[in-house]
Number of protein chains: 2
Amino acid sequence: MTPTPARITAVDTFDIRFPTSAELDGSDAMNPDPDYSAAYVVLRTDAGDGREGHGFAFTIGRGNDVQVAAIEALRPHVVGRPVEELCADPGSLNRDLIGDSQLRWLGPEKGVMHMAIGAVVNAVWDLAAKRAGLPLWQLLARAEPAWLVSQIDFRYIADVLGPDEALALLERGRVDADQRSARLRVRGYPAYTTSPGWLGYSDEKLARLAREAVADGFTQIKLKVGADLKDDLRRMAAARAAVGADFRIAVDANQRWNVDEAITWTRALAPYDPYWIEEPTSPDDVLGHAEIRRSVAPVKVATGEHVQNRIVFKQLLQAGAIDILQLDAARVGGVNENLAILLLAAKFSVPVCPHAGGVGLCELVQHLAMFDYVALSGTTDDRMIEYVDHLHEHFQDPVVISDGHYVAPSAPGFSAAMHPESLERYRYPDGTYWAEALPTPDPHHHDLLQRKGAAA
Amino acid sequence: MTPTPARITAVDTFDIRFPTSAELDGSDAMNPDPDYSAAYVVLRTDAGDGREGHGFAFTIGRGNDVQVAAIEALRPHVVGRPVEELCADPGSLNRDLIGDSQLRWLGPEKGVMHMAIGAVVNAVWDLAAKRAGLPLWQLLARAEPAWLVSQIDFRYIADVLGPDEALALLERGRVDADQRSARLRVRGYPAYTTSPGWLGYSDEKLARLAREAVADGFTQIKLKVGADLKDDLRRMAAARAAVGADFRIAVDANQRWNVDEAITWTRALAPYDPYWIEEPTSPDDVLGHAEIRRSVAPVKVATGEHVQNRIVFKQLLQAGAIDILQLDAARVGGVNENLAILLLAAKFSVPVCPHAGGVGLCELVQHLAMFDYVALSGTTDDRMIEYVDHLHEHFQDPVVISDGHYVAPSAPGFSAAMHPESLERYRYPDGTYWAEALPTPDPHHHDLLQRKGAAA
């Protein structure tokens, strides 16, 4: 009799919300008062080895319960799966989740349902990396190219990138991977920081944090723009004065503009030499981005944190609409789809500068960027990962920044796990923090004003 | 003392699911076993006039609970609003819902959250039309062009269509509207039928239903394709033989193909003279549709039922990617966004042939098509509304088809309301139908196989 293989026994979910709106951390032209949140999921098994798979979707407050409900809708696809098979082929689950014909109607492959798939799929990769005893970036960088190709869904991108070309790119990427891996462990991966540039900060705070960023060795700072042009010109002048002429400053409009406004506004900021304009308009507007890019060069155009899937990224690249691809670890369908997106970027030789910040996005996306450097693009030239310095204290394996670089993680897994105490305290609406802060335990009657009123 | 104005007092939701998978009604290449469902919402007021606003998002089974949760997340924006103000300006709510900066993160303007907005906004229009004593198509057709323009969010489409041009299109559309309105009430609006063409039907059933469709005066039939080319060729031959050479047959791949496959497959079907190929690939792939259209002409390219918002429609039109725009009443953000989409189509002179079927989509979308005819496009040439002949019995004001035409509705409202008995019977999982059919009341442990097993 063969022993019963270990299986996934539970898909536990948590509605985790941090009250970040109180400090205006994370404020921008479209998101004045976010409460950074995670629709968090834990895969449990009966393997008896104490290992769990952790993952999450990032949201900014209201609606995190909807995101949790979406993750729960995937539960029947996950519970009961044999752990070893699942970890040997996370793509099998990815295909089943994307292919659920009834759930597919709710997207397809976009928004709440797709982020839910991303959370669950990423949790599987976390478990797989823990079982392999490797940080995820290393698991990916050491994997056979053919196996990586087997993890990718080429549907709807095959006209631009198919399995054969993907294999060739991965095989090319492998050359000298060991040297880059060693170099990465010594030097880390370049980071830039958004911490100085939130829209809610005073000019003095902005200038002080900008100078600190230079001193700390970051590659670039980023300013939020788009609410008021006069303010933006003044803030950009203050930032430029603080960092000097040769330091990169990116600007980020968080989708605030129409195409024409994006062009006018970016040109107005051009005298202060912004390196890129990020999210100038709707993430859905491929043709709009292409027109903006043509019109604002040499300022570069960047987007990605809200780009819903590989199909839109494919078109942004086909249309020559972006100079910088901003990968996000928790917006699309998880590691599998991000492998496709990294390969698309590699094919078009467009540098990937991942979006991070939020809750745990730095922790996750560093693995993907490091894999990209070690085993695909082979370079960190003009590449850097966004860094924002809050909420890391809630993670068991938080990112470490040294001399403006992400230190390569060494703990097994995807760095996704939060501390149990953080889950307890910030679980909404019944965690210890919220039980105290909320005027009523009914989430449907909660809104920000009520909470603020109660807290005042 | 002025009397207290009537307000919205409740946003009640219902998870309604019909067991359509048992009969293979609605089966296609991507959706083999849909359980047609509605995430249904009722707005109640304290006006004391017995009027309610009804709306819904259409889904195909699993995940309908997620869709309901998304509608519930909008409740705080709706409850307490003064009814008269709200009905005089549904756009004010539309803007607030789309502009909720925290909920926006879950889209933006796509998928589950956006369909939830559509359900609630459509319910407001239902209430507004009831209060006006008019069917919605007439309320829209009689409205001042300037007021209609005020109902539209031009963000992200202003580079192609702004308020001034929209106003001009609406003013042009008004000319002779009364005559068209009178003609519409006599003749109705042309319909085509998808009922013969579901993938799960036998060739005999297909041919019989196709002949009936011709006899019934429909303008076109539609066949589902994309699962197996040999089958499709045989079915297309059977359908062509049944209807003769001069009758239009559309084919619908429900996103089954990559770009290359779509081109090859459509060309293979070309000898049977398909009028349009519908959803040849991902609804997100604007550039892919453009390439397919260039490659399969004179077969026309149609899409829309899964197009997430006005921004993607804008690009489909800009890129010359579609010949037919398939408006859907419940996929985008409601009537307000559909006004924008109708105007975009009018600007590009692309005919609108709405998607319908599902649960109540015929009931809703007829109003939009009739408004388009009476007060915007001014023609029904090459235009027709899809018709599918199931589930209408659950509606209080069901569509009526006469001689292959939709009869213009005359009852006040948006024809969205279901019978209370249907809500009771098909509420999931505790309605009388499901209580009997389900092996367990826990929706997380329900799947189709279990249900079928229990029913067998």
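FYI, it's all coordinate maths here, none of it is from the lab. From a predicted model like this one, the values you see are computed outputs, not experimental measurements. Note: ideal-geometry Cβ built from the backbone for every residue, glycine included; neighbour counts use all protein chains shown.
Placing a label point 7 Å from Cα along the Cα-to-Cβ direction at A:ARG425 gives distances to the equivalent points in the other copies of 5.4 nm, listed shortest first.
Per the rotation superposing chains B and A, the chain B residue found at the smallest beta carbon distance from the axis is B:GLY111, 1, distance in Å. Could you compute the net charge surrounding B:MET30? Neighbours are other residues with a C-beta less than 9 Å from the C-beta of B:MET30; K and R count +1, D and E count -1. Here the count lands on 0. Across identical copies of the chain, B:PRO439 has label-point separations of 4.8 nm, listed in ascending order, with the point defined 7 angstrom from Cα along Cα→Cβ.
Over chain B, what is the mean sequence separation of C-alpha contacts under 8 Å (at least six apart), divided by residue count, expressed as relative contact order in percent? Provide the component values of the computation, followed by the final result.
Working: 942 pairs, mean separation 82.6, N = 456.
Relative contact order here is 18 percent.
Computed from the Kirkwood radius of its Cα pairs, the Stokes-Einstein diffusion coefficient for region A:1-154 at 4 °C and 1.567 mPa s stands at 78 µm²/s.
Here the Karplus curve 6.51 cos²θ - 1.76 cosθ + 1.60, taken at θ = phi - 60°, turns the phi angles of region A:214-226 into couplings of 4, 4, 7, x, 5, 7, 6, 10, 9, 10, 6, 9, x Hz, with x standing for Gly and Pro. Taking the three principal axes of the alpha carbon atoms in region B:177-420, the coordinate ranges are 48, 40, 36 Å, sorted in descending order. Once you treat every alpha carbon in region A:80-190 as an equal point and sum by Debye, what is log10 I(q)/I(0) at q = 0.15, 0.16 Å⁻¹? Taken in order of the listed q values, log10 I(q)/I(0) reads -0.81, -0.91.
With a simple spin-label model that places each label point 7 Å from the Cα along the Cα-to-Cβ direction, the separation between B:ASP231 and B:GLU171 comes to 5.5 nm.
To one decimal place, what orientation-averaged projected area in nm² is obtained for the convex hull of the Cα set of the protein assembly as shown?
Details: hull surface 151.5 nm².
Value for the protein assembly as shown: 37.9 nm².
Footprinting exposure proxy ranking of A:CYS353, A:CYS87, fewest other C-beta atoms within 10 angstrom first, gives A:CYS87, A:CYS353. Near the amide H of A:GLY188, within less than 5 Å, lie the amide hydrogens of A:ALA408, all on another chain or at least 5 residues away, with H placed in the peptide plane.
The phi-based Karplus calculation (6.51 cos²θ - 1.76 cosθ + 1.60; θ = phi - 60°) puts the 3J(HN,Hα) values of region A:153-164 at 8, 8, 4, 6, 10, 4, 5, 10, 9, x, x, 5 Hz, whole numbers, x for Gly and Pro. Each copy carries a label point for A:ALA237 at 7 Å from Cα along the beta-carbon vector; from one copy to the others these points are 7.8 nm apart, nearest first. Inter-part distance, region B:367-418 to region A:313-332, computed on C-alpha centroids, equals 40 Å.
From the alpha carbon centroid of region B:33-95 to that of region A:265-298 is 37 Å. Counting only other chain Cβ atoms within 10 Å of each residue's Cβ, the peptide B:66-77 averages 6.
What full-extension length gain, to one decimal in nm, is calculated for A:ASP46 and A:ASP12 as 0.36 nm per residue of separation minus the Cα-Cα distance?
10.8 nm
Proximity of backbone amide H atoms, modeled 1.01 Å from N, is registered between B:GLY357 and B:CYS362, B:VAL388 at under 5 Å, excluding neighbours fewer than 5 places apart on the same chain.
Which pairs in the list A:LYS110/B:LYS130; A:LYS130/A:LYS224; A:LYS110/A:LYS205; B:LYS205/B:LYS347; A:LYS224/A:LYS314; A:LYS110/B:LYS222 are over 32 Å apart, alpha-carbon to alpha-carbon?
Details: A:LYS110/B:LYS130 35 Å; A:LYS130/A:LYS224 37 Å; A:LYS110/A:LYS205 37 Å; B:LYS205/B:LYS347 41 Å; A:LYS224/A:LYS314 26 Å; A:LYS110/B:LYS222 28 Å.
Result: A:LYS110/B:LYS130; A:LYS130/A:LYS224; A:LYS110/A:LYS205; B:LYS205/B:LYS347 exceed 32 Å.
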